[in-house]
Structures are given as C-alpha cells and as structure tokens.
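Novice: Before I ask anything, let me first share the structure, which is written out below as structure tokens.
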Amino acid sequence: MADDEITNETAQTVAAGQLRAFIERIERLEEDKKTVSDDIKEVYAELKGNGYDTKAVRTLVRLRKKDQAERQEEEAMLDLYKAALGMA
C-alpha cells in the first residue's frame with residue numbers, strides 16, 4: 001500500500017470513530033432529555049392533583065426564565081394590544 005492510501009484509510013477510520021462518538025453522545029442526551037421530560041410531567045400531574053392550575057404554573061415558569069426588563073416589555077405589549085382590542 002502506498003503511504004497516501006494508508007493515510008486516507010486512517011483518516012476515514014478516525015472520522016468514522018469520531019462520528020460514532022458524536023452520535024452516541026446525542027443518543028445518551030436524548031435518553032436523558034426523555035427522562036427529564038417524564039419527571040417534569042410527573043411534577044405537573046402532582047401540581048394538578050393538589051389543585052393548582054397547571055396552565056398558570058407553566059406561564060409562571062416561562063416568565064421566570066426571562067429577566068425583569070423582558071417581562072415588562074412583554075406585559076406592556078400585551079396591555080397595548082388588549083387596549084387596541086377593547087379588552088383593557
């Protein structure tokens with residue numbers, strides 16, 4: 001075999017191994033994501049079982065992810081749109 005062929009085979013083997021490693025990492029993370037998703041569903045079911053409104057709680061969780069300025073901007077826009085529609 002020529003040196004070029006050996007180098008090419010080695011590069012292909014390394015690339016295939018690297019690709020396999022990436023795919024396996026993604027698969028593990030997908031499994032973790034499903035587990036976390038199932039855990040979150042259980043918490044919401046528990047919330048609902050205790051009489052809480054899960055839609056309101058989901059809204060609060062979404063809002064808490066935003067900083068105060070972003071929340072204020074969103075609330076101002078909602079107020080403006082509600083006023084325009086005669087809902088305020």
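The values are calculated or read from the model by the stated rules, or taken from the named source; none is laboratory data. Just so it is clear, the structure is predicted and the values come from calculations on it, not from any experiment. We place every Cβ from the backbone using ideal geometry, glycine too, and count neighbours over all the protein chains shown.
Novice: Among the residues of segment 61-88, write down those that are loosely packed, with under 10 Cβ neighbours inside 10 Å and over 24 Å from LEU47 (Cβ atoms).
Specialist: Matches in segment 61-88: ASP67, GLN68, ALA69, ALA84, LEU85, GLY86, MET87.
Novice: Under 7 Å by Cβ, and 6 or more places apart or on different chains, what pairs join a residue from segment 41-64 that is within 22 Å of GLU75 (Cβ to Cβ) with one that is of a type outside the set (Asp, Glu)?
Specialist: THR54/TYR44; THR54/LEU47; THR54/LYS48; VAL57/LEU47; LEU63/ARG71
Novice: Another question about this same structure. Could you say whether any residue in segment 45-53 is assigned to a helix (DSSP H, G or I), loosely packed, with under 10 Cβ neighbours inside 10 Å and either at pLDDT below 95 or not charged (D, E, K, R) (or both)? Spell out how you get there, then give the answer.
Specialist: Quick first cut of segment 45-53, residues assigned to a helix (DSSP H, G or I) only: 45-49.
Then keep just the ones that are loosely packed, with under 10 Cβ neighbours inside 10 Å; that gives 49.
Narrowing the set further to residues that are either at pLDDT below 95 or not charged (D, E, K, R) (or both) leaves 49.
Among the residues of segment 45-53, at least one is assigned to a helix (DSSP H, G or I), loosely packed, with under 10 Cβ neighbours inside 10 Å and either at pLDDT below 95 or not charged (D, E, K, R) (or both), which makes the answer yes.
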